[in-house]
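Engineer: Please see the structure below; I have some questions.
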Amino acid sequence: MTRFRTNPLQTQLTIAFTLFALTTTTVATAQNRTRFEGAKRSKTTVVATKATKPSSTAKPAPAVKATDPDDESTINLTLETGDEELDHTLAADEDTIGKSRAALEANGPRSGRVGVNSKLISRAIAYRGSRYVFGASGNNGVFDCSSFVQHLMRGEGVSLPRTAREQFQVGKRLSRNELQPGDVVFFAGTYRAGISHVGMYVGNGMFVHAASSKRGVVMDPLDLPYYNGKYAGARRYK
């Protein structure tokens, strides 16, 4: 039998190669484990991120509804707030106002144009107590401020635009000390900026107008603080 001798150098090389193979396998295994665990962590992070998104069933906060300045209820509320100011003024000066009204009704308006517009003034005063509805055209005796003036002037053969703002743009401009019965007076800032109210001057410092849903058609002094502060001018149409 032939025996193989073991070369010490070959033995050492074999051991070295085996150790190198084991080390390489261990490192590769560790790297693969790291990649795998890293992938798991990344996936978990994505899932966690998705979980924090707001639910699609969450209800949005209700929108705040803006107040429309041309809405009928808004306008009536604003005018009636003015009525409360007027009621306070009327209560404080009722004796003076009462005397002015009584003088006007007993003796008629005092001015140089009484003969020209006496029927117009009588008609205007006769409408006191008529209903006010914002936007009403004057049918069935129901008015808003501008349709009331439009209706009165139509009876005199004068055609006026529909709104107070439009009526303010036509006719002869007058200063306050030129007012005569039958002239039309305008006010600004009653329920919105700009020309917003109109009535007819009937003499003795008084004017007739469709005031609001609370008051209807009434006769008031021009120098009441509420109207005096909002007075914007006057026009003559005939």
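Engineer: R0 = 41 Å: FRET efficiency of residue 118 with residue 193, Cβ-based, nearest 0.05? The partial results should precede the final answer.
Structural biologist: Values: r = 36 Å, r/R0 = 0.89.
Result of the calculation: an efficiency of 0.65.
Engineer: Between the range 204-238 and the range 150-175, what is the C-alpha centre distance in whole Å?
Structural biologist: 15 Å
Engineer: Using only the Cα atoms of the range 171-227, build the gyration tensor, take square roots of its eigenvalues as a ≥ b ≥ c, and label the shape rounded, prolate or oblate: rounded if a/c is under 1.5, else prolate if a/b is larger than b/c, else oblate. The partial results should precede the final answer.
Structural biologist: Details: a/c = 1.78, a/b = 1.25, b/c = 1.43.
Because a/c hits 1.5 or more and a/b fails to exceed b/c, the range 171-227 counts as oblate.
Engineer: Need one number: nm distance between label points at residue 158 and residue 139, each 7 Å from Cα along Cα→Cβ, rounded to one decimal.
Structural biologist: 2.6 nm
Engineer: Another one. Which whole-number percent gives the relative contact order of the range 135-238, counting Cα pairs below 8 Å spaced six or more residues apart? Spell out each step's value before the answer.
Structural biologist: Numbers: 186 pairs, mean separation 29.7, N = 104.
That works out to 29 percent.
Engineer: For residue 232, which sequence-distant residues (separation of 5 or more, or a different chain) have an amide H within less than 5 Å of its own amide H, given hydrogens modelled in the peptide plane?
Structural biologist: For residue 232, whose amide H was placed from the backbone, the distant partners under 5 Å are 186, 187, 188.
Engineer: Moving on. By how many nm would the segment from residue 172 to residue 237 lengthen if fully extended, with 0.36 nm per residue of separation less the alpha-carbon distance?
Structural biologist: 22.7 nm
Engineer: Across the range 203-214, in residue order, what do the Karplus-derived ³J(HN,Hα) couplings come to in whole Hz, using 6.51 cos²θ - 1.76 cosθ + 1.60 with θ = phi - 60° and x for Gly and Pro?
Structural biologist: With coefficients 6.51, -1.76 and 1.60, one gets x, 6, x, 10, 9, 9, 7, 7, 7, 6, 5, 7 Hz.
Engineer: Across the range 222-238, in residue order, what do the Karplus-derived ³J(HN,Hα) couplings come to in whole Hz, using 6.51 cos²θ - 1.76 cosθ + 1.60 with θ = phi - 60° and x for Gly and Pro?
Structural biologist: 5, 8, 4, x, 4, 6, 4, x, 10, 4, 10, x, 9, 9, 10, 10, 8
Coordinate-derived values only; no laboratory data. All figures in this text were calculated on a predicted structure; none of them were measured in a lab. No Cβ is skipped: glycine too gets one built from the backbone with ideal geometry, and neighbour counts run over all protein chains shown.
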